[in-house]
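**Student:** Here it is, the structure in full.
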Amino acid sequence: MLGLLSFGQELSGYDAKQWADYGLAFFYWSPSVSQVYGELKRLERIGYASSRLVAQETGDREKRVYALTEAGRAALVHWAGATPVPPPVLKHGPMLRLWLGHLLEPDTVRGILVQHQKDALARAEEAAGRVEEAVADGGWEYTRLIMRWAERYHRAEHDLAVGLLADLEELQVSRGSGAFEDS
């Protein structure tokens, strides 16, 4: 949440969730709505964020917006620059299913990989579109770099799925099961 607030704009909980879905979801995780609001309140309690009520353009209800405090910026800079960076933890649903392939029909496994291939290509194209959307100043140039990385990563996932489909085909042939039917 501190990172989302670090771009200098006041954000409502809704805005923070939208920004997380827009960018963070490509390389980390996107928090749930309840996590966003809970974390913003917690950050305000400990002095890392401040909030105020503002009138909305539509409706008669005010909304609460949050901003990063100097203490919050200092904590974020310390965390980002001085704490150890852990290695990535891969949580890969399609590979978990492939690992359990001995329990599934070969066509089911193939279908999972074909779907993963399509999903990876779609994510790569989505990230490529966001490269151009990201503003090239005010800290957003790093968001552009992340979107370029996300595009490359998902294209690599696509290519890995293509390779796994060939490996799966080879496995089926070596078992004497014959080739998969085209679908």
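**Student:** For segment 1-82, state the semi-axes of the equivalent ellipsoid (square roots of 5 times the eigenvalues of the alpha-carbon gyration tensor), sorted largest first and rounded to whole angstrom.
**Tutor:** 21, 16, 10
**Student:** Grab the beta carbon distance between Val162 and Gln18, set R0 = 30 Å, and tell me the FRET efficiency rounded to 0.05. Intermediate values should be presented prior to the final figure.
**Tutor:** Details: r = 33 Å, r/R0 = 1.11.
According to the calculation, E is roughly 0.35.
**Student:** Find which of Ser6, Leu103, Phe26 sits farthest along the positive direction of the dipole of the chain, computed with +1 on the beta-carbon of Lys and Arg, -1 on that of Asp and Glu, about the Cα centre.
**Tutor:** With unit charges placed on the Cβ atoms, the residue in question is Ser6.
**Student:** Note down the nm distance, to one decimal, between modelled labels 7 Å out along Cα→Cβ at Gln9 and at Lys41.
**Tutor:** 2.5 nm
**Student:** Within the chain, how many Lys pairs that are eight or more residues apart, or on different chains, come under 25 Å at the alpha-carbon? Present the calculation step by step, with values, prior to reporting the outcome.
**Tutor:** Details: Lys17/Lys41; Lys17/Lys63; Lys17/Lys91; Lys41/Lys63; Lys91/Lys118.
The result is 5.
**Student:** Just the number, please: carbon plus sulfur as a percent of the accessible area of segment 106-169, 1.4 Å probe, no ligands or DNA/RNA counted. Don't skip to the end; give the middle numbers.
**Tutor:** Numbers: 2060 of 3600 Å².
Here carbon and sulfur together make up 57 percent of the probe-accessible area.
**Student:** Beyond 21 Å, what percent of the Cα pairs of the chain remain? Working shown, then result.
**Tutor:** Values: 10475 of 16653 pairs.
The calculated P(r) of the chain puts 63 percent of pairs beyond 21 Å.
**Student:** Which semi-axes, in whole Å and largest first, does the equivalent ellipsoid of segment 47-105 have when worked out from the alpha carbon gyration tensor as the square roots of 5 times its eigenvalues? Walk me through the numbers before you get to the answer.
**Tutor:** On the way: eigenvalues 356, 128, 7 Å².
Ellipsoid semi-axes (Å, largest first): 42, 25, 6.
**Student:** Send over a whole-number figure in Å² for the accessible area per residue of segment 1-58, probe 1.4 Å. Don't skip to the end; give the middle numbers.
**Tutor:** Details: 3420 Å² over 58 residues.
I get 59 Å² per residue for this part.
The values are calculated or read from the model by the stated rules, or taken from the named source; none is laboratory data. If you're wondering where the values come from, they're calculated on a predicted model, not measured in any experiment. Positions of Cβ are backbone-derived with ideal geometry, glycine not excepted, and every protein chain shown enters the neighbour counts. Surface accessibility is based on the protein's heavy atoms, side chains included, excluding ligands, DNA and RNA. Shrake-Rupley method; radii C 1.70, N 1.55, O 1.52, S 1.80 Å.
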